[in-house]
Amino acid sequence: VSAGTRLAEAKDLERLHIYAASLDGPTVYCLIDAEEALGSKGLGKAKSTGALSVDFKQMNLQMGHQRVPSSSKSGELRSYLICQVALGRTLLLKEGMREVYPQSFASVLVDAGPSPLSFLTGKATDDPKSKPAVDAEARAKAATWYQVYRVKNSQQVCPIALVDVAWREKKETAVYCTNDDAHFCAGCDATHHSENEFFARHQRFSLEHSPKQFGFCLHHPTQRYELVCLEERKLLCRNDIQLGPHASAEHAKHRLMSTMEVFKGAMKGTSASDKRLELRLKALTKALQDRHLHMTDLHATFEDVQSMLDTELRSILEQLTRA
C-alpha cells in the first residue's frame, strides 16, 4: 500500500454496526476495484475530496482472497475501496435462481471459492489426538477461498478508505519486521525501511524469530497459528478462540501463550517439561554410571577368578606330568 485516503469517521462505523445489529447478521470486510466502481473521473474526485458517488446495491462484493488482475504489471498502482459490509441474513443463490430478497433477508451469496476445510481428506472425530489427513494440493486451493455477495440496500456498505496498491510478483521472504508485523523480501525491506527515519528504526529479524513461521490453521487456512493452548498443547489461530473449536465456554479459562513466547521458552529450556526432562536425564545418567561401575566390578572379579583358575590348572597339569 503506497497511499490512502480515509473515507469514514468513527460515527459512520458506529451507525453501520447499529444497522448490522438490526439486520441480525455479521459485518465483514471487502475490497472493491475503485476504478471499476467509480470510473476515472469519480476516482479522481474521491482522492481529492473524499466524496463518493456509487450504488453498492448493483455491485459484487467479494470477501477473502483477491486475485491479482491479469492486466496488472509488477509495481503498477491500482486503487481499491476498503469497505465494511453489514450482511444481515444471507440467502444462498443457487444456479438458475433469480436475485430476490425474501422477507428478513438482506443479502445473497452469488459465488464462492473452495471451502476453507476442503483440504481435509479424513473425517474429524471427538478424539483430540486424532488429526484428519491433509491434501496439500487441496489446501493450496482452499487458501484462495472467497465469497461474493450482493446486498439489498446500498446503506449496508460503509467505505472506510481508498488505497493505492502496488502489486508485486512473489519473492522469497528475507526478514520479519516486529513493528509492521510483516514479512519482507530483501527488495521490499530496503525500499520500505528507507522511506523515512521512523521506518528505518523498525526492528527486523531473520525468519526464525518470526511468529508467523508455524504454518496455517487447519480450520481457517488463511490464518496463521499465533497462539498455543498450554492445557491442550495445541496450536491455535485468532479465529479458533473466537469462532472455532476453542471458542466454547469450557476453553475460556485455558492459558494461552503466543507461539513466539513458547518457541523462545523452548529454546531457553526453562519450561516445566524441560525441567522434568532434565531431571529424567540426570536420573538416567546416574543409573548408567551405577551400571557401568557394577559392570567394571564384575569384569575385575571375573579376571581375578580367571587368574585363579589358570593357576590351579597349571598346578594340576604339573602334578599329572610328574606322576
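The values are calculated or read from the model by the stated rules, or taken from the named source; none is laboratory data. Given the structure is predicted, the values throughout are model-derived calculations rather than measurements. A quick note on method: Cβ atoms are made from the backbone with ideal geometry, for glycine too, and the neighbour counts reach across all protein chains shown. The accessibility values were calculated without ligands, DNA or RNA, using every heavy atom of the protein model including side chains. Shrake-Rupley method; radii C 1.70, N 1.55, O 1.52, S 1.80 Å.
Quick notes on this structure:
- Selection status of Lys212, within 27 Å of Ala266 (Cα to Cα), out of contact with any Cys (no Cβ under 8 Å at 6 or more places or on another chain) and buried (at least 17 other Cβ atoms within 10 Å of the Cβ): yes
- For the stretch 77-87, the count of residues that are surrounded by fewer than 15 Cβ atoms within 10 Å (Cβ to Cβ) and either out of contact with any Leu (no Cβ under 8 Å at 6 or more places or on another chain) or not polar (S, T, N, Q) (or both) is nonzero.
- Scanning the stretch 228-276 for residues that are in contact with a strand residue (DSSP E or B) (Cβ under 9 Å, 6 or more places away or on another chain) and among the small types (Gly, Ala, Ser) gives Gly244, Ser258, Gly265.
- When residues of the stretch 235-255 are limited to those that are buried (at least 16 other Cβ atoms within 10 Å of the Cβ) and either touching a residue at least 24 places away in the same chain (Cβ under 8 Å) or in a loop (DSSP other than H, G, I, E, B) (or both), the one farthest from the chain's Cα centre (by Cα): His246
- Flag if Lys57 is surrounded by 12 or more Cβ atoms within 10 Å (Cβ to Cβ) and more than 16 Å from Trp167 (Cβ to Cβ): yes
- Members of the stretch 16-41 found to be among the β-branched types (Val, Ile, Thr) and either modelled with pLDDT of 90 or more or farther than 14 Å from Arg78 by Cβ (or both), listed by number: Ile18, Thr27, Val28
- Members of the stretch 219-231 that are assigned to a loop (DSSP other than H, G, I, E, B), in contact with a helix residue (DSSP H, G or I) (Cβ under 9 Å, 6 or more places away or on another chain) and surrounded by 15 or more Cβ atoms within 10 Å (Cβ to Cβ): Pro221, Thr222, Tyr225, Glu226
- In summary, Met295 fulfils each of the numbered conditions (1) closer than 30 Å to Asn179 by Cβ; (2) without any contact (Cβ under 8 Å) to a residue 40 or more places away in the chain; (3) open to solvent by 80 Å² or more (accessible area, probe 1.4 Å) with the single exception of condition (1).
- Filtered residues of the stretch 177-212 (kept if within 29 Å of Asp33 (Cα to Cα), touching a helix residue (DSSP H, G or I) at 6+ places or on another chain (Cβ under 7 Å) and assigned to a strand (DSSP E or B)): Phe184
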